[in-house]
Amino acid sequence: MSKSQKKLISTFWLLGFTTLFFISYADTTCPIDFGYVSKLPWKRSDCTDKPVNKEACCGTIKFLLAPGLAKYLKKTSMFYFPNTGIAAACMSSFNNKLASMSINISFCPVGWYDQLVVNSSNNCGGVTTLKEWREKLGYKTELDSDCRGNFSTASQCQACADAGIRVASQLGSDTTLCFKYACLYAAGIVNEYGPEDPRIAKCALAIPMAQSKTNKRKKIFKVAFGLLGAIFGVLTTWGCIIVYQKLKEERWLAALRQEYVRGVKAKVLPNTGAKWFHVAELEQATKGFSKKNLIGQGGFGVVYKGTLLDGSIVAVKQLLDMDINGDDEEFTNEAEIISKIRHRNLLALRGFCVESDAIKGNRRYLVYDYMSNGSLDEHLFYEEGNTIARKPLDWPLRKNIIIDVAKGLAYLHYGIKPAIYHRDIKTTNILLDSDMKARLADFGLAKQTTEGESHLTTKVAGTYGYLAPEYALYGQLTEKSDVYSFGIIILEIMSGRKVLDTSSTSTRLLITDWAMDLVKSGNVENIFDDRMGENVSKAVMERFVHVGILCAHVMVALRPTISEALKMLEGDIEVPTLPDRPLPLSHESLKYIPEFSISTLGISGGRSSLDTSGSRLSIDTSKPRSSI
């Protein structure tokens, strides 16, 4: 790494931390082990020689914090500390470690404290966690390819540094701070040797290392040559031992990988009727998971089109790890739930695949029937940026799709015991087969109730705009939470308009507020998508709009069940008079409601998963997940 690049990050590693040493947080412990401070051969002379070179010492100490922060990123997937208490405890622990080595840094300046707390407004482009990093940059960046190995040559180190600068420029306007993030990511996540390796610490984290004295090297060489024969014998013996231990370790790791596969398979019910595929079958079907066969991609996985040996066409969904430890919850949940159900309006599961090896790690796949007509989203909104242009849907097709989704949802709620709540009903999760029949897909977030339960209180997971208010705010999940999402789907299908309109000229953001205004003003025809055709039944279409508004009512008690909604759609029972809605969320009088409440109810796009544990589920305003 060049001197200019070292200088670029030198001002950020420690500024502001020294004042925290004097603050006492008795009940807070630091999650970082600073043992590496005494083990790394860093240049201590700047801080120990007399007189002390204060400027050089402070610069070195700033860099010395970096391995600890890189280890913290690897352990927690967080670039920041969650609160000031932990930040203070870590600085105190760091100072104590230096003090035990007779190093005093009280003369170092302060000023960087606010940037070490997770809620700091001075972060890099809004990135605070590894998940947010990957949502902005993807799972593979230049750092992932250029910052591996032991940096045995200067060119390797320079390539990693150059990659960090380019990645930093993609993250945010504060490229200096973002470059620090890139360094932590390279040392803590990418490099297999880790931040405590002297070579990685020197290159990726710019820690100055002590220079060996020439006369000391000469003495070492003299001793080495004098004892060459004895050393050769010892090395040969130790070499044999190391080879043996290496083989033993590889066998142990292979056993762990086999145990992982057995453990995942054991979580999935054995009487599912679905097939367990070998990964070689899926690689052959998808031509090695080639980019040409990629048909979908999102934060939780990628989907490939494949052809099995029997000629059948399938969609192969690979679930990606959401953290460094992996997470099988979504895989086993979807595998268990969808294996229990068989319905013409629910996507059929062909089988599973779980593999683990030393090179590619843990891999999990779900294999489905391929839906040749893609997702409903591609047909409704193809003019708004979809990569695949689909033919617009006429009214008969839209009517049938709404009925199909209602029937599939009714089966989940009443056709199986205990009931299943889908939790992520949206246009991208409604797929169309070759006959344009709709099938509800993606059961990764689905929840199965316990017999006799009327509702569940659970972590909130779903997509902004489609979340029922009582579920988004309080985690109260009922069958009518799915009904709310279904109502939004009806209005999107009838209007060709997305659930959230974020254009600067719009006075109504949520589709239900917009539709209700038009119905109340007698202009219901303005809701209908012009692409549905002319020979349509306006009375039936109006009934569908009314059912959509009723299903998506903010009051749980005023929503119908999915069975009642289906009967209304089919004309078996009358649609009741539409009750008034509360003020729309964009109304002037609600502008001072706390931001959390408004965003949770659907005023910003993306996927929402709320969990105070701070692990896999967190608030996420990225684009919605792709489905098969």
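The values are calculated or read from the model by the stated rules, or taken from the named source; none is laboratory data. Computed from a predicted structure; not experimentally measured. Neighbour counts run over all protein chains shown; Cβ positions are idealised from the backbone, glycine included.
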Any pair with Cβ under 9 angstrom, 6 or more apart, that starts in region 382-401 at a residue that is within 19 Å of G571 (Cβ to Cβ) and ends at one that is at pLDDT 90 or above and loosely packed, with under 15 Cβ neighbours inside 10 Å: W395/V540; K399/V540
Region 523-536, residues that are touching a Pro at 6+ places or on another chain (Cβ under 9 Å), surrounded by fewer than 16 Cβ atoms within 10 Å (Cβ to Cβ) and in a loop (DSSP other than H, G, I, E, B): G533, V536
Region 291-301 - residue that is in contact with a strand residue (DSSP E or B) (Cβ under 8 Å, 6 or more places away or on another chain) and at pLDDT 90 or above and, of those, surrounded by the fewest Cβ atoms within 10 Å (Cβ to Cβ): L294
Residue satisfying condition, being more than 23 Å from the chain's Cα centre (by Cα), in a helix (DSSP H, G or I), in the same structural domain as K447 (by TED's automatic domain parsing) and of a type in the set (D, E, K, R), within set K480, K498: K480
Answer residue from region 76-128, given it is closer than 30 Å to T48 by Cα and among the hydroxyl-bearing types (S, T, Y) and is modelled with the highest pLDDT among those: S100
Scan of region 82-99 for residues that are surrounded by fewer than 23 Cβ atoms within 10 Å (Cβ to Cβ) and either outside any helix (DSSP H, G or I) or touching a residue at least 24 places away in the same chain (Cβ under 8 Å) (or both), ordered by number: P82, N83, T84, G85, I86, S92, S93, N95, K97, L98
Residue among A552, A557, A539 that alone is surrounded by fewer than 16 Cβ atoms within 10 Å (Cβ to Cβ), assigned by TED's automatic domain parsing to the domain that holds P396 and closer than 25 Å to A468 by Cα: A557
Complete set of residues in region 465-515 that are closer than 19 Å to T428 by Cβ and modelled with pLDDT under 85: D501, T502
So K50, is it surrounded by fewer than 21 Cβ atoms within 10 Å (Cβ to Cβ), basic (K, R) and at pLDDT 80 or above: yes
Residues that are over 17 Å from K426 (Cβ atoms) and hydrophobic (A, V, I, L, M, F, W, C), drawn from region 455-464: L456
